[in-house]
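The next block holds one structure in the form of structure tokens; read it before the comments.
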Amino acid sequence: MPKGVAVRVRLLVPLLKSDKAAVSHRLTAAFFRIENTIIKIGNVDKSLTARH
């Protein structure tokens, strides 16, 4: 399992246990933060591999 997916799952577990309305809001915010981080990491990886 890729590291990003494991992190996502780990973040989802406590969210699912809390209040439903708060969950959907925090889930959305967390999801976009995670996606942006993955994109940034992907871009860094691409630029690093391009140099070699």
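The values are calculated or read from the model by the stated rules, or taken from the named source; none is laboratory data. Please read these numbers as outputs of a predicted model, since none were measured by experiment. Because the Cβ atoms are built from the backbone with ideal geometry, glycine has one as well, and the counts that use them run over all protein chains shown.
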A careful count of residues in the chain that are modelled with pLDDT of 85 or more and not hydroxyl-bearing (Ser, Thr, Tyr) gives 15
Within the range 21-43, considering residues that are over 8 Å from the mean Cα position of the chain (by Cα) and among the charged types (D, E, K, R), the one surrounded by the fewest Cβ atoms within 10 Å (Cβ to Cβ): LYS40
